[in-house]
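Remarks on the structure that follows.
We did not get these values from a lab; they are worked out from the coordinates using the rules stated. Everything quoted here is computed from the prediction, not taken from an experiment. Virtual Cβ from ideal backbone geometry, glycine too; neighbours counted across all protein chains shown.
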Amino acid sequence: MGLFRKLRKSLGYESSKLRERGIRGTAKVLSSERTMMSEESGSGRNVHIYKLRLLVTVPGSEPYEVTYRLPGGLGEGGEYRCYVDPDDPSNVFVDHAAMAREHAADELSQTTGKPVAADAESILGSAAGLIEDAQKQMFTAPAGAPPPTPTGIPSPTASSVSHGDGYRMILISRLDARHDKGEISDEDYETEKRKIEGGAG
């Protein structure tokens, strides 16, 4: 293991390779604190690193706490699938992004009646199709008629949002796209993302 990877591991950074060889468990976010560090995203923008305190549970062991660092952070109280290094229980990978995509794909599949793959392109394509259908219905309504309720599109009521990690994933995906294009600042991005995640309750 190289020096940089050792340093990242000692600081509690994620390693996606654990998905292949780790022990599957759950991680509950006990606290989330923004640090002074940041990391460059794929779009070249800097994203703040958050220091998370996690309660990790794996089969056959008592729950234990670990420190985990992640660009953008996760909402406090959230529970996520994780993978634990069999040789070092303090080394974990939280599979939050894959879980959010799976939830979004499931909800869109139920809404559209068609299977939607759990990758970002398929999810955004399916959501864009629903929006397009809704716009067509609105523009073809007779003059003076009340706006139609688009069939198949979940309305963002408290119940649908609280039940839908998938709905939040769509909102976060849109927010990510605006952030990547430079339309909103890092601070606004983090504020809006926290508002969306705050609706999880």
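Legend: calculated FRET efficiency, Ile184 to Asp87, from the Cβ-Cβ distance at R0 = 41 Å, rounded to 0.05, equals 0.50. Our estimate of slack between Glu33 and Ala97, defined as 0.36 nm per intervening residue step minus the Cα-Cα distance, is 21.1 nm. Per the Cα gyration tensor, the range 85-127 maps to an equivalent ellipsoid with semi-axes of 30, 9, 7 Å, ordered largest to smallest. Amide H contacts of Arg24: Val84, each under 5 Å away and 5 or more positions distant or on a separate chain (H built 1.01 Å from N in the peptide plane; Pro and chain starts excluded). Packing, taken as the mean count of other beta carbons within 10 Å per residue, orders the peptides 29-36, 124-131, 175-182, 59-66 from highest to lowest as 124-131, 175-182, 29-36, 59-66. So which of Lys51/Lys195; Lys28/Lys181; Lys51/Lys114; Lys136/Lys195 end up more than 27 Å apart by C-alpha? Long pairs (Cα-Cα over 27 Å): Lys28/Lys181; Lys51/Lys114; Lys136/Lys195. The 3J(HN,Hα) values that the Karplus relation (6.51, -1.76, 1.60; θ = phi - 60°) gives for the range 83-89 are, in residue order, 10, 10, 4, x, 8, 8, x Hz. Gly and Pro appear as x.
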